[in-house]
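Just so it is clear, none of the values below were taken in a lab; they were calculated from the coordinates. Everything numeric in this text was worked out from a predicted model, so none of it was measured. Here the Cβ positions follow ideal geometry from the backbone for every residue, glycine too, while neighbour counts run over all protein chains shown.
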Amino acid sequence: MHIIDWLIVGAYLVWIVYDGLRRTTGASAVEGYFLANRSLPWWAVGLTVMATQMSAITLVGTTGQGYADGMRFVQFYFGLPLAMIILSLTLVPFFYRAKVYTAYEYLEHRFDVRTRTLASLLFLLSRGLQAGVIIAAPAVILSIVLGFDLTLTIVGIGLPTTIYTMFGGVQAVTWTDVKQMVVIVVGVSAAVVSLVLGLPDGVGVGDALSVAGAAGRLGTIDFRFDLNETYTFWSGLIGGLFLMLGYFGCDQSQVQRYLTAKSVDAGRHSLMMSAFVKIPLQALILLTGVLVFAFYLFQTPPMLFNPVHESEVRASARAAEYTALDAEFQAALEAREVAARDAVAARSIGDATAVASARAAFVERQQGVTAIREQATSLVREVTGDTLYTDVNYVFPTFVTTQLPVGLVGLIIAAIFAAAMSSIAAELNSLSTATVIDVYRRHLRTDATDRHYLRVSKMVTGFWGVFTSIVAVYAANLGSLIEVVNRFGSFFYGSLLGVFILAVGTRRATAPGALWGLVGGMAAVIYVAATSSISYLWLNVVGALAVFVVGMVVSFIWPSTTADL
Amino acid sequence: MTFPPDGFPEPGPSMTPTYVAVLVVEAVVLLALWGFSQYFGA
């Protein structure tokens, strides 16, 4: 990367830390530190909600998905707008009215302290580990693509984020998130413009998309009802609805964002921003990946986008095999480019028969390229022993650093840093809140001054920053297993959601019902995940329904000893 | 303890048009995505 790009990334990091630290004046009491005194405007909260959800691995992973698999991943978000409406009508006003700091605090209002503590500990466990992965995953990619030391990259992401989150609290998190969201959108938009301008003469955007469509990259909606298929219209709409209800309604990292809004309606409007914008934004990011695919139809891509794994194979006993595959790959690329140009030419003439014939020829060439890439991937897996290896997450950063002009590279790398830091800051902030409010202030030290709790809150934020960075260093060595760990957190959402459904959905649910329902739901999710191959999106439905059924049965058998009504 | 604490919140009629707009926009976006993929021959 050019020195100017490094300067842009460095300037971005300094600016973000400075901007975050400027917010420390609002953090002179616990409510200000964790909830900004419930004073923030809806649009700032809406942007921080979106920035929190969009981690760096979402940004680079989604563009990579667009490149390798097309746009069907967009279906993952189909349940989000419905979830936002349901939450605005149900949990959001309940949280506001109860004046809680954490979502789990509400469970004590409704049930008992055991349910609250268990839910909070589940959050701390899953999010504490996942925050490490959120740092590790982009750090591994950036360190490989930029040729930078891995541990230093982890520190480069984790340290500045910890500093401004620790001293500035939620004000720093929110206002830096606002700016980071702008950096992300500008970065992605700049990439799209560059890709369009980078198409060869005579190939328009419509032509590029048409060829990408022939290669199956523009399939957006799959109406098949198949529980084993990860991304379909139904898994996105139903499974995604439960996932988003759990994520935005029961995960403190999101709940805390909208609890900072200055009114119930401001909180609701902040969620509506995601409801309106999220699907189009994700479609744009996926389309960026599709355009990278179209770009590489006319430029030579690497056979594999992870240079470290490639080097390992080239240094192994099977190097000759890899070299032979690479030669085949180059020939297949040339044939594919000719076929792509033929398809574009046929489209410009407008003869339907010629277009169909040219598209069929292109598809055949594309299949040849894909088959060689799959062979190369298998070879990497066999040589490195990393059976889950895939280079999808390396596609976009490799494109950026090798194809874009100086200056733009720095901007987009800064956008990837922004995506990572905005998510991590919200995680640290919410981990600290749950630790202090649900554990320390509730169980360990119940009668201290606000000043004491504020001091502890800052120390706990710092602790989580160090802890997650250490987890990141270890997680970075998991290789492609990181992806699995990253999905692990979603195993909890359905069960947590089930408890909140019991809380606000029925009068009959009792504290023992909620507690045992939560335990039963977790067991059901683990059992189904271990014994079936259904898409993980459906596990959210399983968890929520299991908690509700077990919770209601226990509530009937074992009524609460206190008055629940 | 009351169910839920402090009773059910007041319904927010002012938000209803926004919710309807969200649903309409989602329907339009999904249709656009579907049309987009059909047009480019996915």
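Counting other beta carbons within 10 Å of each residue's own, what order do A:Ile184, A:Ile86 fall into, fewest first? Final ranking by Cβ density, sparse to dense: A:Ile86, A:Ile184. Within a straight-line Cα-Cα reach of under 28 Å, A:Lys458 can be paired with the following lysines, leaving aside sequence neighbours fewer than 8 residues apart in one chain: A:Lys99, A:Lys179, A:Lys262. What shape does region A:294-335 have by the C-alpha gyration tensor, where a ≥ b ≥ c are the square roots of the eigenvalues, rounded means a/c under 1.5, and otherwise prolate means a/b greater than b/c and oblate the rest? The shape class here is oblate. For the residues of A:70-79, the average number of beta carbons from a partner chain within 10 Å of their own beta carbon is 2.
As a length-normalised measure over Cα pairs under 8 Å and 6 or more apart, the relative contact order of region A:307-384 settles at 46 percent.
Within chain A, which whole H helices from DSSP have a Cα span along their axis of at least 20 Å and a mean Kyte-Doolittle hydropathy of 0.0 or more, if any? Result, helices passing both filters: A:3-21, A:113-146, A:150-197, A:264-298, A:319-349, A:352-384, A:408-433, A:450-475, A:490-505, A:511-531, A:536-557. Put in line by how crowded their Cβ is, counting other Cβ atoms within 10 Å and starting with the fewest, A:Ile3, A:Ile135, A:Ile526 read A:Ile3, A:Ile526, A:Ile135. Judged by the mean number of other Cβ atoms found within 10 Å, the most tightly packed of the peptides A:290-302, A:153-165 leads the ranking A:153-165, A:290-302. Going from the fewest other Cβ atoms within 10 Å to the most, the residues A:Met166, A:Met303 appear in the order A:Met303, A:Met166.
Give the average, rounded to an integer, of partner chain Cβ atoms located within 10 angstrom of each Cβ in A:212-220. The shielding value for this peptide is 5. Local charge for A:Arg217 was computed over the other residues whose Cβ lies under 15 Å away, with Lys and Arg +1 and Asp and Glu -1, and equals +2. For the peptides A:41-47, A:105-111, the ranking by mean Cβ contacts within 10 Å, running from highest to lowest, is A:105-111, A:41-47.
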